[in-house]
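Report on one structure; see the data block that follows.
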Amino acid sequence: MPRSPWSRSRPVSFQNRPLPSGCAAGWRRVDRESCLLGHKVTLCKMTITLPRQLRPGPGGCTASLAGSKGAVMELPFVNHVGVRVEQQGGGRSRCTLLVEAHHFNSAGIVHGGALFTLADTAMGAALYPTLAPGEGCATIEIKIGYFKPVVAGALVCTGEIVNRSRTVASLEACIHAGEVLVAKASGTFAVFQRKSEPAT
C-alpha cells in the first residue's frame, strides 16, 4: 500500500504567500479516525519551524512598566509575545510590536490575540504610572474591533486614559500599521490597594 502524501513533510505557504525568511513548514499525519458516516479520516497537523533568532525566550526583548517612585512591573508574557513599551507618562503610552513568524494564525494573518495583547499592554502602560505607592491595577474588561488584516511590518499602539476614579479607570487604545488604523480597543481597569507582603 503506497504511503499517504500527508505522512511526509511537504512545503506550505499561507494564502499563497511564502513564510518569512528562515522558516520551514510542513504537514504530517497525526492520527486516523472514523467520521460520522463511518469513513476513515486522516488527521493532519501543520508544523512551523522558526529560525533561532525568531524563537521567543531568554535574550529577547525585555518588557516592563515604569511606575511612580521608581516602581517597575515585569511583564513575562508580554516579553514572550514581543511587545515593547516605548513611552509612558501623562496618562498616555506608546507600545510597538514587530510582526514575526510566530504571530501568524492559520490563515496567514497576524492573530487577533497578538493585537489584543498589544492593546491591553498599552492601556496598562498608560495607567500604571498614575498609581500611588502600594496601588495595583488589573484588567476588568476589554472590547476590541478589528478593522484591517495585518500581514507584515511594525505595529504601533497608543494608549490613553479616558476617565479615572479612585477604583476604576477607563482607557482606549489605537493600533496602527503605518498610517492605517487596524484595530481599536476600549478597556476598564480596576485600581486597588495591594495587600502587604507577609513577613519572612
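If you average the C-alpha positions of segment 133-183 and of segment 70-131 separately, how far apart do those two centres end up, in angstrom?
Each part's Cα centre sits 9 Å from the other's.
Determine which aspartates and glutamates satisfy two conditions relative to K195: a Cα distance under 15 Å, and not lying fewer than 8 residues away in the same chain.
E135
Could you work out the local net charge near G159, counting Lys and Arg as +1, Asp and Glu as -1, over the other residues with Cβ closer than 15 Å to its Cβ?
Local net charge: +2.
Here, each number is a calculation from the coordinates, and none is a lab measurement. Note that this is a predicted model, so its numbers are computed, not measured. Note that each Cβ is placed from the backbone with ideal geometry, even for glycine, and that neighbours are counted across all protein chains shown.
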